[in-house]
Amino acid sequence: MHLARDGHGVAVNYTANRSAADEVVEAITGAGGNAIALQADVGETDAVAAMFHEIEGRLGRVAILVNNAGIARDDLLMRMSPEAWDEVIQTNLRSVYLCTRAAMRGMLRQKWGRIISVSSVSGISGNPGQANYAASKAAIIGFSKSVAREIGSRSITVNVVAPGFIETDMTEHLGADIAEEAAQRIALGRLGKPEEIAAAVGYLASDDAAYVTGQTIVVDGGLSINGNVGHAKTDIEGGEVSD
């Protein structure tokens, strides 16, 4: 909604939850904006290529890319399966590589663009039980700094937003007790709202941020001030893992 209010056409990607994507499209079009919903697994090369081809045919070239695909498969590393590792890396990190590379072509030709990827405070501070998730989110930051150096001369900025605990589908499964515990460790005393992340993305996409690139904006209400963002309960002694 934030980008649509600024006059941008919006392509809403979804993997499985079409109804949620359709709700976003309906909200944008109902307010007079232009939006479409597209199904694609953004961790798959062919799917990303097809998605961008359709976007360019229906909305024009992609001038602003927001990489926001993310899943979590939390577990202690000693119990983490290779499948859980690979699934998180593919969705969270490979998607950023594929979509950024696809969007860059048009941006380089036009000598203008905004690439914004959503990381996490877990990618900055780490988090017990989230080695796969934290690794994927930390890699996004390094990736973005590198790409920012590669294409900055073409007036293309590449930045990262790192949210803390935000009221989304991913945090709902934590339960009320964990959410309350998290809120107590946040300087502002509450979880963040999706609109507050959208505002940071909107800033980075705007002309006001034309001289900002290779940066990570942390939007976590002060959660990471003390460097402790963990929520998982772990107990590892003598090489054994207990719940």
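The values are calculated or read from the model by the stated rules, or taken from the named source; none is laboratory data. Keep in mind that this is a model prediction, so the values were computed, not measured. Cβ coordinates were reconstructed from backbone atoms using ideal geometry, including for glycine residues, and neighbour counts include every protein chain displayed.
Residues to consider are Val160, Val201; find the one that is of a type outside the set (Asp, Glu) and touching a helix residue (DSSP H, G or I) at 6+ places or on another chain (Cβ under 6 Å).
One residue alone meets the criteria, Val160.
If a residue has to be in contact with a strand residue (DSSP E or B) (Cβ under 7 Å, 6 or more places away or on another chain), closer than 28 Å to Asp86 by Cβ and surrounded by fewer than 18 Cβ atoms within 10 Å (Cβ to Cβ) to count, how many in region 39-60 make the cut? Step through it out loud before you land on a result.
Applying the first criterion (in contact with a strand residue (DSSP E or B) (Cβ under 7 Å, 6 or more places away or on another chain)) to region 39-60 yields 39-40, 42, 51, 54-55, 58-59.
With closer than 28 Å to Asp86 by Cβ added as a condition, the list becomes 39-40, 42, 51, 54-55.
Next, only the ones that are surrounded by fewer than 18 Cβ atoms within 10 Å (Cβ to Cβ) stay: 39, 54.
Final tally of qualifying residues: 2.
Scanning region 97-144 for residues that are closer than 15 Å to Gly214 by Cβ and assigned to a strand (DSSP E or B) yields Gly113, Arg114, Ile115, Ile116, Ser117. Each residue in region 149-171 was checked for being assigned to a loop (DSSP other than H, G, I, E, B) and either under 14 Å from Met104 (Cα atoms) or without any contact (Cβ under 8 Å) to a residue 24 or more places away in the chain (or both), and 1 pass.
Here Leu223 meets the list (1) modelled with pLDDT of 95 or more; (2) closer than 22 Å to Gly142 by Cβ; (3) more than 14 Å from the chain's Cα centre (by Cα) almost entirely, failing just condition (1).
Which condition does Gln130 not pass, out of (1) touching a helix residue (DSSP H, G or I) at 6+ places or on another chain (Cβ under 8 Å); (2) without any contact (Cβ under 8 Å) to a residue 24 or more places away in the chain; (3) not β-branched (Val, Ile, Thr), if it passes all the others? All conditions are met except number (2).
Only one entry of Asp6, Asp41, Asp22 meets the criterion of being closer than 17 Å to Leu59 by Cβ and modelled with pLDDT of 95 or more, and that entry is Asp22. Which of the residues belonging to region 172-216 are buried (at least 19 other Cβ atoms within 10 Å of the Cβ) and not charged (D, E, K, R)? Matches in region 172-216: Ala182, Ile186, Leu191, Gly192, Ile197, Ala200, Val201, Gly202, Leu204, Ala205, Thr213. Strands (runs of 3 or more DSSP E) fully within region 1-70 that include at least 2 residues being over 17 Å from the mean Cα position of the chain (by Cα): 35-39.
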